[in-house]
There are 2 protein chains.
Amino acid sequence: MKGDAVFKKTFNQILEYLAEQPLGDRIASETTLHQHLGASRTTIRKALSKLNVNGIISPDRILLRLPATQDSFDRTETLSTSTQVEKKFMEWMLRADRKPGDVINELDLARQFGVSTSGIREYLNRFSRFRMIERRTGSGWCFMGFTREFALELFEVREMFEMRSALAFVAQRADAPAWKSLKIIQKEHLALQNDIVTRYHDFSDLDERFHRLVNDASHNRFIVDFYDVISLIFHYHYQWNKSDEAERNRAAIVEHMNYIDALFSLDPVRVEASCRAHLYSARKTLLASVGA
Amino acid sequence: MKGDAVFKKTFNQILEYLAEQPLGDRIASETTLHQHLGASRTTIRKALSKLNVNGIISPDRILLRLPATQDSFDRTETLSTSTQVEKKFMEWMLRADRKPGDVINELDLARQFGVSTSGIREYLNRFSRFRMIERRTGSGWCFMGFTREFALELFEVREMFEMRSALAFVAQRADAPAWKSLKIIQKEHLALQNDIVTRYHDFSDLDERFHRLVNDASHNRFIVDFYDVISLIFHYHYQWNKSDEAERNRAAIVEHMNYIDALFSLDPVRVEASCRAHLYSARKTLLASVGA
DNA sequence: GCTCTGCCTCTTGTCGATAAAAAACATTCT
DNA sequence: AGAATGTTTTTTATCGACAAGAGGCAGAGC
């Protein structure tokens, strides 16, 4: 009744680890695995026992044979129900025939996604924090959608928050750890710029880390949490609108580097200008893909 | 398994309505009651049938006797589980021995509140949007509490949002309906000011309506929704810290009236000054009660 | 001493069942 | 025809069950 995604995921992780161990050696202890993989010992134990049954290790944890591909669980089995619902829900939401204002039917979604209504319900509650669905008075949910208005409202707040965070950033003490992190991120930008032709996909991850670093400087939970919304939108947006990706990312890197230089300069005027310039083009990109 | 709070509440509402009807008359139809009370006809029907059984109305809806106090359900029975959980949870949270960082135990809460774990769980998910509790990585919840930092962060964002909304407010067209609403609210302030000695409790409601009106002018769902957080905090805060209430409210009314005048003046400089002044003292009040 | 394992208890994620309420449909009565 | 009532179907809120997973304690092995 609880789904054993954690077990399956852990099992696969152990297999990966075993693939790099020499045959005949004694593998790491339960405690060690527990610490490294983050799963509880109970789960590790269950996995080790299955490894033993499958003849991969002996009862005293000697590696008997290297694991093969068919030993591991399929990737989809390693996702918890809630993760699956999230994915399916995002896809459902992005489907063209969905209209803002539509009522969401829990039972219907439950059937479509192959989970119980309680699963849907819990997810809708969690998801409501992203403001793309709304609880209607009394009962039921209403789909608000990822519309042009949504994007505009999102960016209005993003701009306020990021601007304030950037100014808080330059106001930090010179020995604040954030400066070190910024230095590292700056180097990563340089490295990525040099390899942009082959590695342009890596930008989205770097983008997130950079903006989160800036937003964290606000030390304000509302500002920091708001980035989760942006993050979600961009995550799915990147998967969805691939046109010009390389070109867009190349331009964004240049903007980021300007922005980073401005932060190091400690000059509020430069910071504001470069931040605004970057957010402006980020908004343009998003609006373009929302189609309007 | 669903709780019949809606039925009980509706039943009480009908009793109230009947108390004002003349004996021997035919009371309103199912359809009419359904439209006026907002409950479904199914529920109205069930209530009418009980009224009949209790001898208050005849099968053809003639009022036979006036309802007495003991006919109605107790007020606590008319609250849905989720509403009850909300109340209990707020009380739980405000208890002195609770410390920021504490882990929340669902089972424990469920037992304390007398509801199922699923009920707690759903509520925690919904409540997380107020940022006073956080989902810990993996599982479980962490209580963050209503601390001084929380109040400061809340007001930092509130100030940004309200300032921007106020400026959007004065930028509205002269025939926007919000101006009319503001006029009405202005009059209510005047009326309340004259009766402040006896009616100072009514301020909190007026306060909320005024600020919501201003925030709505932003036409930004993130800004508008953020006011829910403020609203919740103030709702419980008012119940909790009664010291100087009359005096505080009197001062706040003056500030509001300044602020309203500034909005009517359309002068951004005046708006900004009066808005900031008001928020500043609102913050001071809240911080005082958070004890630091 | 420390770490490892075996065992046991407590907590959480997910499901399915079920009664209450809403909504849709059909019928009757003016 | 139009509203009111009776009937059936669909949807939602809440509960309890239960297996998976987390964490703790005690003894064993080094």
Exercise for the section: Between copies, how far apart are the A:I62 label points? List them in nm, one decimal, shortest first, with each point 7 Å from Cα toward Cβ, please? Expected result: 9.7
Practice task
Have a look at A:D216, A:D195, A:D175 and tell me which one the Gaussian network model of chain A (Cα, springs below 10 Å) gives the largest fluctuation.
Solution key: A:D175
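With Cβ to Cβ distances under 11 Å as the rule, what net charge do the other residues near A:F161 carry (K, R +1; D, E -1)? Don't jump to the answer; show the numbers that get you there.
Numbers: positive: A:R158, A:R164; negative: A:E156, A:E159, A:E162, A:D225, B:E156.
Summing Lys/Arg as +1 and Asp/Glu as -1 gives -3.
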Handout entry: Violating pairs (Cα-Cα greater than 28 angstrom) within the set B:K8/B:K88; B:K46/B:K88; A:K9/A:K87; A:K2/A:K242
Key = B:K46/B:K88; A:K2/A:K242
Completion exercise
If one builds a Gaussian network model of chain B from Cα atoms under 10 Å apart, the most fluctuating residue listed among B:L107, B:L182, B:L15 is B:L15
Fill in the blank from the handout: In degrees rounded to 10, the 0-90 angle between helix A:81-94 Cα long axis and the longest Cα principal axis of chain A is 40
Practice task
Go ahead and collect, in residue order, the members of the stretch A:197-225 whose backbone nitrogen is under 16 Å from a label point 7 Å along the Cα-Cβ direction of A:K242.
Solution key: A:198-204
Handout entry: Shortest-first distances to equivalent copies, position A:L167, nm, label 7 Å out along Cβ
Key = 1.1
Problem - Point-charge dipole on Cβ atoms (K/R +1, D/E -1) for the stretch B:24-164, about Cα centre, debye to 20 - result: 320
Handout entry: Simple Cβ-charge dipole of the stretch A:3-85, Lys/Arg +1 and Asp/Glu -1, about Cα centre, in debye nearest 20
Key = 180
Completion exercise
Partner shielding of B:214-221, taken as the mean number of other chain Cβ atoms within 10 Å, equals 3
Fill in the blank from the handout: Projecting the Cα atoms of B:T31, B:I223, B:V290 onto the charge dipole of chain B, where Lys and Arg contribute +1 and Asp and Glu -1 at Cβ, the residue farthest towards the positive end is B:T31
Practice task
Averaging sequence separations of C-alpha pairs under 8 Å and six or more residues apart, then dividing by the length of chain A, give the relative contact order as a whole percent.
Solution key: 15
Handout entry: Dipole of the protein assembly as shown [Lys/Arg +1, Asp/Glu -1 at C-beta], most positive-end residue of A:A178, B:L94, B:S274
Key = B:L94
Fill in the blank from the handout: The local net charge around A:N194, scoring Lys/Arg +1 and Asp/Glu -1 for residues other than A:N194 whose Cβ lies under 13 Å from its Cβ, equals 0
Handout entry: Rg over Rh, two decimals, chain A (C-alpha only, Kirkwood Rh)
Key = 1.04
Handout entry: Rg in Å to one decimal, and Dmax rounded to a whole Å, for the protein assembly as shown via C-alpha atoms
Key = 29.1, 95
Practice task
For chain B, set up a Gaussian network in which alpha carbons nearer than 10 Å are linked by springs, and say which option among B:S165, B:S204, B:S40 fluctuates the most.
Solution key: B:S40
Completion exercise
CD proxy, 222 nm, chain A: helix-only mean residue ellipticity via -39,500 (n - 2.57) per DSSP H run with n ≥ 4, per residue, nearest 500, stands at -21500 deg cm²/dmol
Practice task
Take peptide A:119-130, look around each residue's Cβ out to 10 angstrom, count Cβ atoms belonging to other protein chains, and average those counts.
Solution key: 3
Problem - Local electrostatic count, B:N215, Cβ distance below 14 Å [Lys/Arg +1, Asp/Glu -1] - result: -4
Problem - Dipole magnitude of the stretch B:1-51, debye to nearest 20 (Cβ charges: Lys/Arg +1, Asp/Glu -1, about Cα centre) - result: 300
Handout entry: For the stretch A:134-292, average projected area of the Cα convex hull in nm²
Key = 10.2
Completion exercise
Once normalised by the length of the stretch B:1-116, the mean sequence separation of its alpha carbon contacts under 8 Å that are 6 or more apart gives a contact order in percent of 32
Completion exercise
With the label set 7 Å along Cα→Cβ, A:L23 is separated from its counterparts in the other copies, in nm and shortest first, by 10.0
Practice task
Summarise the partner chain shielding of A:155-164 as one whole number: the mean count of Cβ atoms from other chains within 10 Å of each residue's Cβ.
Solution key: 3
Fill in the blank from the handout: Given the candidates A:L18, A:M144, A:A252, the one whose Cα lies deepest towards the positive end of the charge dipole of the protein assembly as shown, counting +1 at each Lys or Arg C-beta and -1 at each Asp or Glu C-beta, is A:L18
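None of the figures in this text is laboratory data; all of them are computed from the coordinates on show. Predicted, not measured: the structure shown is a model, and the values here were computed from it. Cβ atoms come from the backbone with ideal geometry, glycine included; neighbour counts cover every protein chain shown.
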